[in-house]
């Protein structure tokens, strides 16, 4: 039966399969839920069980659709277009730079971590002039940092660079 | 005080100089963000949410009303001039609009879209001002069981009407419901699906979910198809104006679009795809002679109708949001979050407890709409420049703002980690043809559905039959049953007929 499934369909089977597994996780988590002693009319288990059942059935439904040869059409793609392999390299760079941003944000402050992710995403999308890009990244995130912190009173993590620039401007840091 | 007096007071409050400036800022930011390719109205408001954290509620909501309409205007510009439309409601506009632009009639297409949006927006806001208080008055008597029925109806209409496949809509909905489960149960405090992570006890921040799904998911999806995509901006020659003939061909589609768009926004039909498509189909059918032949090659009716429907739909979606507290589109869901961040709960009581705020909001919808017409058409050349931002910078900028929006609301690294996870889910959804909106609706309305369910059963002391009590619940569930049963039945009958004629 699997031989009928296209390359794209196999990816979708894995996708629906993992959602099927998630529904099992919800069942398991709900089953071992700690319920307080006080008498409540509706258990906090009822609703999660319903949700898990719907997810379970829907994921099985999608698996059946794919096995019948009706794999999904990706968004914005005409059904007749040939299957294109995802560009994992570009995606990887982006996921990596966002991950780095999350890791660095409260360690290096906003400007550096956001500049790194800006640089990474722009590089992944084909910006080639590294030095210019680096400069633009830093200027952009500095502007963002100061417009949000000074004009909008939104707190963002600060570190050496932020302190240094604030020092240049006198007492407004 | 009658509603009309309230509306006048609303205008007074919205036009107060301190407040009007927020309307201006909102219109400007909304258009700015809306024009940027890849950013639709839901994401635009989500990204701008942190900005309103430090502003007074009335001023923030005035700003939101302006952003809401501004993002829609901006979106239509993009879909006319770019061969890849930014958001779902503009897909149909792009069909004829981009063809018109390529035939050198970009100015007329932009004008009919902008003026049509203004006409439809004004009429629909008027309808909103009439309908919402009435609906709210009715809804005050609705029992929890009735609200539960309304939410379940919204779940299924949003889930099944969107996207190419119903089963994938239901899949998206249930993933959203799972996200909504995460954290402490409101009544018993039982901790669900946190796997021991204390950060998750309060649940996953809704804004994070929305921003990550729409921004990071889209960026990842664009990255995955990076090598295969292209985009071209069609240049605009001359001014954004229409000649007499184009006016004549536009005004009826505007009105018809409004008539189609508004009601479909009020009932939970799930976003703007359905009404814009219906409007397009209507215009194509009604067109005669040489106008009909232009369809597919750049017919102005095909821009005027769907654009009007799109805007009227957006206003219509505010009716259930304000009167019932139920968002029926992703954009309305973000507006709901904006209300909630000020501890204001939209719903039947809103018109009683916060009349000044609601009416200021409605008045600023009128004002915002007018500001947009003034701001957009004459300055169209400025907005178009935004389309020429190099793609790497554009995408990097969207990512930066999305990450900022994900973090700033709670200053939480955990929120950011969740944003990355949800963004990847958003990518997978796009890749496998699963619609996004049902997931947003599920995540927001899921906890509400559980609450109403528990209230109903608590009042009845465990008797489940009360779930179907009353005319409202009965008719809603009957409607749902028909919605689920009829299409397969219809297909079966059709197939039977085909077989018999063979």
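The values are calculated or read from the model by the stated rules, or taken from the named source; none is laboratory data. Note that the coordinates shown come from a computational prediction; the quantities given were computed from them, not determined experimentally. Using ideal geometry, Cβ is built from the backbone for each residue, glycine included, and neighbour counts are taken over all protein chains shown.
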Residue B:374 meets each of (1) out of contact with any helix residue (DSSP H, G or I) (no Cβ under 6 Å at 6 or more places or on another chain); (2) assigned to a helix (DSSP H, G or I); (3) farther than 20 Å from residue B:124 by Cβ with one exception, condition (3)
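Would you be able to tell me the number of residues in region B:453-466 that are buried (at least 20 other Cβ atoms within 10 Å of the Cβ) and touching a residue at least 40 places away in the same chain (Cβ under 8 Å)? Give the derivation first.
Within region B:453-466, the subset buried (at least 20 other Cβ atoms within 10 Å of the Cβ) is B:453-454, B:456-457.
After this cut, where a residue has to be touching a residue at least 40 places away in the same chain (Cβ under 8 Å) as well, the list is B:453-454, B:456.
Selection size over region B:453-466: 3.
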Residue satisfying all of: in region B:220-236; away from chain A (no Cβ under 12 Å) and out of contact with any strand residue (DSSP E or B) (no Cβ under 7 Å at 6 or more places or on another chain); modelled with the lowest pLDDT among these = B:230
Just need a number here: residues in region B:386-418 that are within 21 Å of residue A:87 (Cα to Cα), more than 7 Å from chain A (Cβ to nearest Cβ) and crowded, with 23+ Cβ neighbours inside 10 Å.
-> 1
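So which residues in region B:152-165 are more than 10 Å from chain A (Cβ to nearest Cβ), assigned to a helix (DSSP H, G or I) and surrounded by 23 or more Cβ atoms within 10 Å (Cβ to Cβ)?
Filtering region B:152-165 down to residues more than 10 Å from chain A (Cβ to nearest Cβ) leaves B:152-154, B:156-158, B:160-162.
Adding the requirement that they be assigned to a helix (DSSP H, G or I) leaves B:152-154, B:156-158, B:160-161.
Residues satisfying the conditions are B:154, B:158.
Could you tell me whether region A:130-144 includes any residue that is on the phi > 0 side of the Ramachandran plot, surrounded by 12 or more Cβ atoms within 10 Å (Cβ to Cβ) and assigned by TED's automatic domain parsing to the domain that holds residue A:109?
no
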Could you tell me whether any residue of region A:57-73 is modelled with pLDDT under 95, under 23 Å from the mean Cα position of the chain (by Cα) and in a loop (DSSP other than H, G, I, E, B)?
-> yes
Of the candidates B:65, B:44, B:106, B:94, the one satisfying the condition of being at pLDDT 85 or above and either at positive phi or part of a helix (DSSP H, G or I) (or both) is B:106
Quick count over region A:109-133, residues being touching a helix residue (DSSP H, G or I) at 6+ places or on another chain (Cβ under 8 Å) and more than 7 Å from every other protein chain (Cβ to nearest Cβ), is 12
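Is it fair to say residue A:102 is farther than 23 Å from residue B:54 by Cα, at the interface with another protein chain (Cβ under 8 Å from one of its Cβ atoms) and buried (at least 16 other Cβ atoms within 10 Å of the Cβ)?
Values: farther than 23 Å from residue B:54 by Cα: yes; at the interface with another protein chain (Cβ under 8 Å from one of its Cβ atoms): yes; buried (at least 16 other Cβ atoms within 10 Å of the Cβ): yes.
When the stated conditions are applied, residue A:102 passes them.
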Hey, residue A:157 hits all of (1) within 20 Å of residue B:406 (Cα to Cα); (2) assigned to a helix (DSSP H, G or I) but one; which does it fall short on?
-> (2)
Counting only residues that are away from every other protein chain (no Cβ under 11 Å), under 28 Å from the mean Cα position of the chain (by Cα) and without any contact (Cβ under 8 Å) to a residue 60 or more places away in the chain, how many does region B:166-219 have?
-> 2
